[in-house]
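Everything on this sheet refers to the single structure shown next.
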Amino acid sequence: MQTVRIEIEQQGGPEVMQLRTAQLPPPGAGEVLLKHLAIGLNFIDTYHRSGLYPVSLPSGLGLEACGVIEALGHGVHDLKVGDRVAYAGGAVGAYSTYRMVAADKLVLVPTGVSDEIAAATLLRGMTAQYLLKRTFPVQAGQTIVFHAAAGGVGQIACQWAQALGVRVIGTVGSAAKAKMAAAWCDHVLDYNDATWPQQVRDLTEGLGVPVVYDGVGAATFEGSLDCLALRGMLVSFGNASGAVPSFNPGILAQKGSLFLTRPTLGHYTANRGELVETAQDYFAALAQHRIVPEIGQRYALADVQQAHRDLESRKTTGSTVLIP
């Protein structure tokens, strides 16, 4: 089987990604041959490409896709040829037309979920699930701050939080994104405005919020600490503006005995049971229309360099999909 895939031989800017053709062997034990129907683009892909998160070179890229099973390896019993499945996480290499995937990383896609939604939002949906329900389990009546509310994770998480009875203060980086995020946030603030932490205080009668979910990183870190309530938690789950700089942990005591955690999806889907449960909870929220995600951009796989440039320059909104 021949596949077309994106490979990098060195880490750097979008220009290091090159389209290559390769032969795939038959699936090995515990593997399936997957024909990709749609591929998700995520900010972590840029970290793998740039070297912020090192990968062994040469390497593929991409962690998320939806496809149809073409062949089964030995020992795969709970899936069959023709099943439509999706995955989010595991080994990089989703930027391809065909791929071998470990069967235990795949989840069945329900009939009502499109290829593009499954491919472009599963990772984001499972991220929202563990953030809202396990890292800091939100409760109805609480007020939270969610940064990058117009982004892929933000769009899903803010809708889900509202469905759970939570008041959502979302932050964005532009007026255009503020207009978009207003559809799923109770209040929208500009995190480029230095007064946004005080605005959060004003919206909470001076108390601050019990949790801030921060996928932006360096640009919002200090403000996030400043708007937390006593014993509040900063959930730092991404670095869209760059990595958080080193700091003295004593600042957490000074600002109210705060908590800081840096979670990743892989640690919340560390076994098959956790993976399936997390994905099924997200798919159920979609079926109940608690979440209505949008595909903001579509690119051909061959145009992945431009897709990365647009993502890193924050020109994208919602979720982005690559079409093989």
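The values are calculated or read from the model by the stated rules, or taken from the named source; none is laboratory data. Since the structure is predicted, the reported quantities are computational estimates derived from the model, not experimental observations. Every residue, glycine as well, gets a Cβ built from its backbone with ideal geometry; the counts of neighbours run over all protein chains shown. Accessible surface areas use protein heavy atoms only, side chains included; no ligands, DNA or RNA. Shrake-Rupley method; radii C 1.70, N 1.55, O 1.52, S 1.80 Å.
Being open to solvent by 10 Å² or more (accessible area, probe 1.4 Å) and either touching a strand residue (DSSP E or B) at 6+ places or on another chain (Cβ under 7 Å) or free of Cβ contacts under 8 Å to residues at least 60 places away in the same chain (or both) is a property that holds for G165.
Being aliphatic (A, V, I, L, M), open to solvent by 40 Å² or more (accessible area, probe 1.4 Å), over 18 Å from T317 (Cβ atoms) and modelled with pLDDT of 95 or more is a property that A140 has.
Among the residues of segment 185-214, those identified as in a loop (DSSP other than H, G, I, E, B), out of contact with any strand residue (DSSP E or B) (no Cβ under 7 Å at 6 or more places or on another chain) and at negative phi are N192, D193, A194, T195. Residues in segment 73-89 that are outside any loop (DSSP other than H, G, I, E, B) and open to solvent by less than 50 Å² (accessible area, probe 1.4 Å): V85, A86, Y87, A88. In this structure, does R231 turn out to be modelled with pLDDT of 95 or more, more than 29 Å from G165 (Cβ to Cβ), open to solvent by 60 Å² or more (accessible area, probe 1.4 Å) and not in a loop (DSSP other than H, G, I, E, B)? Considered against the rule, which asks whether it is modelled with pLDDT of 95 or more, more than 29 Å from G165 (Cβ to Cβ), open to solvent by 60 Å² or more (accessible area, probe 1.4 Å) and not in a loop (DSSP other than H, G, I, E, B), R231 comes out as no. Counting only residues that are closer than 14 Å to F146 by Cα, small (G, A, S) and touching a residue at least 40 places away in the same chain (Cβ under 8 Å), segment 218-264 holds 3 of them. Residues that are more than 19 Å from G223 (Cβ to Cβ), modelled with pLDDT under 95 and in a loop (DSSP other than H, G, I, E, B) within segment 248-268 comprise just one, T264. Against the test of being crowded, with 17+ Cβ neighbours inside 10 Å, assigned to a loop (DSSP other than H, G, I, E, B), in contact with a helix residue (DSSP H, G or I) (Cβ under 9 Å, 6 or more places away or on another chain) and in contact (Cβ under 8 Å) with a residue 12 or more places away in the chain, the options G62, G40, G12 yield a single qualifying residue, G62.
Of the residues making up segment 285-324, those that are of a type outside the set (S, T, N, Q) and assigned to a loop (DSSP other than H, G, I, E, B) number 9. In segment 274-285, the residue that is most open to solvent (accessible area, probe 1.4 Å) out of those that are aliphatic (A, V, I, L, M) and in contact (Cβ under 8 Å) with a residue 24 or more places away in the chain is V276.
Considering only residues that are of a type in the set (S, T, N, Q) and within 17 Å of T135 (Cβ to Cβ), look in segment 235-273 and name the one that is surrounded by the most Cβ atoms within 10 Å (Cβ to Cβ). Out of the qualifying residues, it is T269.
Among the residues that make up segment 286-294, is at least one of them open to solvent by 40 Å² or more (accessible area, probe 1.4 Å), on the phi < 0 side of the Ramachandran plot and touching a helix residue (DSSP H, G or I) at 6+ places or on another chain (Cβ under 6 Å)? Yes: one or more hits.
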